[in-house]
Amino acid sequence: MLTTSRTEAAKTRTPDNVTIKPQRMGFEFGEQNPRYWLDNSYILSHTMNALSVLFPQGEQFFVDSVRYFRDQITDPKMKEEVRGFIGQEAMHSLEHIAMNQHVRDQGMPVEELEKQLSVILGIAKKLPKRHQLAITCGLEHLTAMMADMLLERNDIREDMHESMRTIWVWHAIEETEHKAVTYDVFQQVGGTYAERTFYLAFSTAMLGVVASAFTAQMMLKDPKQFSLKDTAKGLWRMWGKNGAFSSLIPTWLEYFKPGFHPWDHDNSELIERFKAQISDKIAPQFKSGNRRTLQ
Ligand SMILES: [Fe+2]
Ligand SMILES: [Fe+2]
């Protein structure tokens, strides 16, 4: 049995020690943020900046795809988790908009890339609603994998300039907290194995093409720093032995197991550990906890 019946209320499998609540951070960007903030590398920094440009619109797409099915959710815990998911993604968008403005101020073609992204997402929005939700599930699997890698791998976090590290750690914590929400909603509304696996492959290919194209456009706007050595080293760190992305292939493949669930890999202990590490980075106005719930 690969799908959950619509009449049977699916339960969430989020561990009891995980609560999905948005935390606004109030990051500010400026002169303290170096241009090449990841391993002092031109290609790696532009790659991560390109990912950041994808977030505000991408996360809005995620939220819209879940919101459409909201009234089909009957389980109170799942309803609560959906509320938390929407709030968290909305906060991620706000903080990454601030980061993207900073990247734009550095002369990067952020507005142009945003226009291109809106055309791509406009095409995705023409798909049936459940297929859009399957895309969201696929992309949430990718973000959960990257979040886990970032929190597990000291070498990668240490290569980030400290002025940029916290936004990525904070985002990774919240992506871990809500990693199963869209998946559970998809199961609840009758999503099939064929849909979710097809759209994982589809969304991975799309993300690969779009992120590479955006990175290339950033690099073309900043040609003086180009060096073959930096590019080769950066590509090796992403895709070589034990590379940031190549090391994720086994986890990516797990999604194809018929009974897969995001919490099969319980990494919830990372959440509290890293929340403690970034708590002093919350802007004073958000210290008391931003518990604003976005609907
Ligand atoms: Fe997010
Ligand atoms: Fe997410």
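Brief remarks follow.
- Look at the alpha carbon pairs under 8 Å that are at least 6 residues apart: their mean separation over the length of the range 45-282 gives a relative contact order of 28 percent.
- Protein accessible area in the chain, 1.4 Å probe - carbon and sulfur %: 58
- Counting only protein heavy atoms and a 1.4 Å probe, the chain has 47 square angstrom of accessible area per residue.
- The distance between label points at D266 and K221 comes to 4.5 nm (points 7 Å beyond Cα on the Cα→Cβ vector).
- The stretch between K79 and V209, if pulled fully straight at 0.36 nm per residue, gains 43.4 nm over its current Cα-Cα span.
- For A232 and I123, the difference between the fully extended length at 0.36 nm per residue and the C-alpha to C-alpha distance is 35.9 nm.
- In units of the rule-of-thumb radius 2.2 N^0.38 Å, the chain shows an alpha carbon radius of gyration of 0.98.
- Highest average packing first - 118-130, 98-110, Cβ atoms within 10 Å: 98-110, 118-130
- Prolate/oblate/rounded call for the range 81-158, Cα gyration tensor, a/c under 1.5 rounded: oblate
- The range 65-130 versus the range 193-220: alpha-carbon centroid distance in Å: 16
- Here the relative contact order of the range 1-126, from alpha carbon pairs under 8 Å that lie six or more residues apart, stands at 37 percent.
- Mean Kyte hydropathy of -1.0 or more with a Cα span along the axis of at least 24 Å, helices from DSSP in the chain: 42-67, 76-105, 129-152, 193-220
- Local electrostatic count, F69, Cβ distance below 9 Å [Lys/Arg +1, Asp/Glu -1]: +3
- Helix-only [θ]222 nm of the chain, DSSP H runs n ≥ 4, -39500 (n - 2.57) each, per residue, nearest 500: -20500 deg cm²/dmol
- Rounded, prolate or oblate (a/c below 1.5 giving rounded, otherwise prolate when a/b exceeds b/c) for the range 150-220 by Cα gyration tensor: oblate
- Probe 1.4 Å, all protein chains present, accessible-area order of F226, F202, F245, largest first: F226, F202, F245
- Residue-count net charge about H161 - beta-carbon cut-off 15 Å; Lys, Arg +1, Asp, Glu -1: -3
- When you count the other C-beta atoms within 10 angstrom of each residue and take the mean per peptide, 156-169, 272-285 line up highest first as 156-169, 272-285.
- Net lengthening on full extension, Q57/A194 (0.36 nm per residue, minus Cα-Cα): 46.7 nm
The values are calculated or read from the model by the stated rules, or taken from the named source; none is laboratory data. The shown structure was predicted, so the numbers you read here are calculated from the model rather than taken from an experiment. As a convention, Cβ positions derive from the backbone with ideal geometry for all residues, glycine included, and neighbour counts pool all protein chains shown. In case anyone asks, the SASA skips ligands and DNA or RNA and just uses the protein heavy atoms, side chains included. Shrake-Rupley method; radii C 1.70, N 1.55, O 1.52, S 1.80 Å.
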